[in-house]
Every structure is written in structure tokens, then in C-alpha cells.
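Peer 1: Can you read through this structure? Questions will come right after.
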Amino acid sequence: MTASISTWWEAMSAIEKVYWCVAIPASVLFIIQIITTFFIGDFDSVEADGDADVSVDSDSGIPFQFLSFKNLVAFFTIFGWVGIACLHRNLSIPLSIVIATVSGLAMMAVMATLMYFMGKLAESGGLELKNARGKTGTVYLTIPASRSGMGQIQINVQGFQTLDAMTDDPEAIPTGSLVQVNDVISNGILLVSKSYQKQ
């Protein structure tokens, strides 16, 4: 079997190898992101005690963000697979690159639109941020260290949300990291710390 895989790999052109090297790892990340986005909140149903009563008005919304880590993973996933499909259709290399790039950009637009409207649909009435305490989320925009700035996390609380967050951790928490919500501070900002649960 190893010999057949080796033969299959060696028979490919350089551009096809590039497409495969992009498509496979990007697809794995894409699947992990989908699972994390839609199901991570289900693992953390126990809420911390507290009397915080901070709410977010229903018209606050989340911004439309085209360029994000999730969208880039979606781009490379579609880019790789569409490129492979184009080569199997015997299209030229330049044409395959153009089609794969356009397809990837279209997927980014779809992902950004989906995230935007998911955030809008989740906003019914007011969001009680106290319900986020003790829950685990994923960093969407890098959170600077020691409350030196503000980032954003995505978390399942009264539906899928993208919320502002700060941390007391001495190091910045990068995009894609898991974090736990410890408290709600002024202006409805979540105070989080890096979580070391397995992703």
C-alpha cells in the first residue's frame, strides 16, 4: 500500500502536489472549526455563580469581517480541492489557479456572511452576559496581554456570539485558542483566561 501511495504521489505534477498539500491540512482545520463553533458550548453547561446583570442591547450586532482565521481556512480548503478538480478536468494550470482562487474568495464571503447573520439571529431581546461565566469559547481576534487591549471571542451563550474580551494573562492569547470566561467587567467586556483543554 505504501508503494502504491508513493507511486501515486510521484506521478503528480508539482502544482497538483501543492493543491493536495493545501487541501488536506486545511480541510482538517475546517472540520475542527465547524465542530468547535457549533458544539463547544454543549460541553460546558455548568454556570458559575454570580449576580452580574450586564446585558447587551439587541442592536449591537457583530461586525461583518471578511478577513479572519476561520475564513482563511475556508479559503485554502476550497482553493485546494477546486484546484485538484480543475486539473482532473485537464484545465491549464493558470486557469486552475484563477478558478481555485475565485472559488476560495467566494467561500470566504459565504463564511463571513454566515457568521454575521448567525450573530444577528442570536440577538433576541437582551443578552445576559452573566450566562457566559464559566463557559469556554474560541479566540476570534487576538486578546492582548494584561488588559493592555481588547480582542474578541466566539462563544455559545444564548446562541452563538462574538463578544469583546480582555485577559489578565501575562501573554497575549492568539486567534484560535480556547479560553474560559472568568468574569464580566465594565461595559460588557468578558474577562477570560487561556484554557488548556484539548481542542
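The values are calculated or read from the model by the stated rules, or taken from the named source; none is laboratory data. The model shown is predicted, which means the values in this text are computed figures rather than measured ones. Cβ placement follows ideal geometry from the backbone for every residue including glycine, while neighbour counts extend to all protein chains displayed.
Peer 1: Please work out if Gly104 is at pLDDT 80 or above and either under 30 Å from Trp8 (Cβ atoms) or in a helix (DSSP H, G or I) (or both).
Peer 2: Against the criterion (at pLDDT 80 or above and either under 30 Å from Trp8 (Cβ atoms) or in a helix (DSSP H, G or I) (or both)), Gly104 qualifies.
Peer 1: Sticking with this structure for a sec: Got a number for residues in the stretch 110-146 being modelled with pLDDT of 90 or more and among the small types (Gly, Ala, Ser)?
Peer 2: 3
Peer 1: Of the residues Phe38, Phe64, which single one is at pLDDT below 90, of a type in the set (Phe, Trp, Tyr) and not in a helix (DSSP H, G or I)?
Peer 2: From the options Phe38, Phe64, the qualifying one is Phe64.
Peer 1: Further, regarding this structure: Please go through the stretch 82-96 and pick out each residue that is in contact (Cβ under 8 Å) with a residue 60 or more places away in the chain and surrounded by fewer than 23 Cβ atoms within 10 Å (Cβ to Cβ).
Peer 2: Result: Ile84, Leu87, Ile93, Ser96.
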